[in-house]
1. Out of (1) surrounded by 14 or more Cβ atoms within 10 Å (Cβ to Cβ); (2) at pLDDT 85 or above; (3) not aliphatic (A, V, I, L, M), what's the single condition that is false for P125?
2. Looking only at region 59-110, how many residues end up being at positive phi and modelled with pLDDT of 85 or more?
3. Considering only residues that are aliphatic (A, V, I, L, M), assigned to a helix (DSSP H, G or I), closer than 17 Å to D17 by Cβ and in contact (Cβ under 8 Å) with a residue 24 or more places away in the chain, which ones fall in region 69-122?
4. Can you name every residue in region 392-415 that is of a type in the set (S, T, Y) and either under 24 Å from Q66 (Cβ atoms) or not assigned by TED's automatic domain parsing to the domain that holds T445 (or both)?
5. For region 289-341, give me each residue that is within 19 Å of I431 (Cα to Cα) and of a type in the set (S, T, Y).
6. Restricting attention to region 227-239, does a residue exist that is surrounded by fewer than 21 Cβ atoms within 10 Å (Cβ to Cβ), closer than 21 Å to A419 by Cβ, in contact with a Gly (Cβ under 7 Å, 6 or more places away or on another chain) and modelled with pLDDT under 85?
7. If I go through region 420-435 residue by residue, how many of them are among the polar types (S, T, N, Q) and either farther than 26 Å from L325 by Cβ or in the same structural domain as L230 (by TED's automatic domain parsing) (or both)?
8. Quick test for you: out of V47, V16, V40, pick the one residue that is outside any helix (DSSP H, G or I), among the hydrophobic types (A, V, I, L, M, F, W, C), more than 28 Å from P125 (Cβ to Cβ) and assigned by TED's automatic domain parsing to the domain that holds V110.
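The values are calculated or read from the model by the stated rules, or taken from the named source; none is laboratory data. Bear in mind the structure is a predicted one, so any value in this text is a computation, not a measurement. Please note: Cβ atoms are built from the backbone with ideal geometry, for glycine as well, and neighbour counts cover all protein chains shown.
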Amino acid sequence: MLASRLRLWFGLSDRVDRRAYFATGLGFMALKYLSDSAVVWAYTGRVWSPLDYANPVWSVREHALQGVPSAVVLALAVWTLPFLWVGIGMSVRRAVDAGRSAWLALLFFVPYVNYLLMLALSLLPTAPRHMRWGTERAPVLGSGWRSALFGVAVSLGLTIPTVLFSVYFKKEYSVGLFLGTPFTIGAITANIYNSAQPRSKGDTAVVVLFALTLAALSLLLFAAEGGVCLLMALPLAAPVALLGGVLGRAIAVRGEEPPSHSSMAAILALLVVAVEPRATAPPREVVTVVEIAAPPEVVWRSVVTFPELPPPTEGMFRLGVAAPLRARIAGRGVGAVRYCDFTTGSFVEPITRWEENRVLGFAITGQAPPMREWSPYRNVNPPHLDGYFRATHGEFRLTPLPDGRTRLEGRTWYEVRMAPQAYWTIYADVIVRSIHERVLRHIKTLAEKESR
């Protein structure tokens with residue numbers, strides 16, 4: 001019994017009628033809601049209502065998860081993957097059982113439209129004349145390079161314009177961009193590659209990853225993206241593209257869809273980035289602490305302003321991340337303006353809190369690009385470098401310790417407007433912490449040298 005249930009939920013062979021689809025969907029939605037809301041309540045004490053949970057706007061979810069540790073948020077994202085697979089896999093087979101195209105099931109990813117899709121698939125009866133969805137045909141040995149190249153070309157020709165539309169026209173780095181586009185590349189490539197003759201799963205995976213790599217290189221050559229951010233996106237995009245490949249291959253080797261229907265997957269990518277609401281991100285705080293063998297009044301002087309740091313040698317900064325060089329200040333007290341010079345330019349920091357030898361707080365009203373991208377071109381400036389990562393304010397806190405020592409805390413609050421925020425804040429936290437550590441180590445060296 002359990003084996004048949006697991007095959008129904010996670011496999012791609014069994015037919016799905018409307019009763020099984022509705023019951024499974026309702027049960028899995030309830031399980032997912034109860035588990036996620038329990039985590040939010042455990043860490044924040046807030047109740048995540050079913051109405052807010054059903055809201056497809058990612059910023060609503062980000063606000064609900066505020067206060068939950070990053071590692072737990074990432075675990076919740078991983079926990080979502082099997083639910084997504086059950087939803088899309090059963091939607092494909094339910095669409096076929098209802099006599100509709102399997103590709104319609106990809107509307108499962110489109111915000112708001114997905115609820116209408118699930119409602120329709122729960123109501124449509126089994127078609128009198130089923131579309132074929134049977135046993136997987138045995139793969140044919142051979143490279144099939146022509147089908148592979150055609151599938152790659154079609155997927156790139158349909159998805160790259162979608163990326164450019166999202167980034168340059170809509171000006172949004174959305175969940176649909178980072179998840180829907182790789183999924184579409186995988187689905188279209190695998191479907192066309194397997195349509196004439198079924199190929200092995202391993203060969204299909206290789207062709208899908210090849211298509212994804214070519215898409216990334218195309219964005220690099222068109223100066224739409226830089227190498228570092230493409231590498232950052234790869235751990236997210238590659239598994240999603242492979243899942244799309246599994247689905248596209250299944251439709252080709254089990255169903256009777258003509259290859260031309262795979263263009264519906266491209267419509268999916270465009271719909272996702274066009275319909276998905278604009279995300280807003282709650283600010284995040286990063287705190288780094290160091291203990292210094294010097295009294296607060298000595299440490300304070302190096303906090304307010306410090307001379308040139310040695311050239312950066314840390315791996316993070318070698319990748320092109322902006323590295324702090326020096327700090328200077330015009331004026332004294334609240335209203336003074338501090339400037340922190342980085343390798344990419346200067347951060348403008350009006351002082352908002354001045355408690356001498358205790359707290360230095362500042363807003364950040366202007367900032368340099370967060371990094372220099374790897375690119376074959378000089379002065380490439382992908383849109384995500386302008387405002388999609390923004391530090392809003394910062395603070396240094398000094399606490400006296402016994403034996404004339406000082407505890408120094410560096411705090412930065414920032415926003416990331418690239419979704420899914422749970423993924424990109426992993427990188428952002430590492431970058432901000434690396435900047436903190438470089439500055440705090442320098443202050444520690446200066447203060448301890450002065451106090452000797």
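1. So the condition that P125 fails would be (1).
2. The first filter runs over region 59-110 and keeps only residues at positive phi, leaving 67, 99.
Still in the running and modelled with pLDDT of 85 or more: 99.
So the answer is 1.
3. To start, the set of residues in region 69-122 that are aliphatic (A, V, I, L, M) comprises 71-78, 81, 84, 86, 88, 90, 92, 95-96, 98, 102, 104-107, 110, 113, 116-121.
Then drop every residue that is not assigned to a helix (DSSP H, G or I), which leaves 71-78, 81, 84, 86, 88, 90, 92, 95-96, 102, 104-107, 113, 116-121.
After this cut, where a residue has to be closer than 17 Å to D17 by Cβ as well, the list is 86, 90, 92, 95-96, 102, 104-105, 117-121.
Those that are aliphatic (A, V, I, L, M), assigned to a helix (DSSP H, G or I), closer than 17 Å to D17 by Cβ and in contact (Cβ under 8 Å) with a residue 24 or more places away in the chain: V86, M90, V92, A95, V96, A102, L104, L117, M118, L121.
4. Going through region 392-415, the residues of a type in the set (S, T, Y) turn out to be 392, 399, 406, 412, 414.
Within region 392-415, T392, T412, Y414 qualify.
5. Initially, region 289-341 is screened for residues within 19 Å of I431 (Cα to Cα), giving 289-290, 309-327, 340-341.
Scanning region 289-341 gives a single hit, T313.
6. Looking through region 227-239, at least one residue is surrounded by fewer than 21 Cβ atoms within 10 Å (Cβ to Cβ), closer than 21 Å to A419 by Cβ, in contact with a Gly (Cβ under 7 Å, 6 or more places away or on another chain) and modelled with pLDDT under 85.
7. Quick first cut of region 420-435, residues among the polar types (S, T, N, Q) only: 421, 425, 434.
Then drop every residue that is not either farther than 26 Å from L325 by Cβ or in the same structural domain as L230 (by TED's automatic domain parsing) (or both), which leaves 421.
The qualifying residues number 1.
8. Numbers: V16 fails: more than 28 Å from P125 (Cβ to Cβ); V40 fails: outside any helix (DSSP H, G or I).
When all the criteria are applied, what remains is V47.
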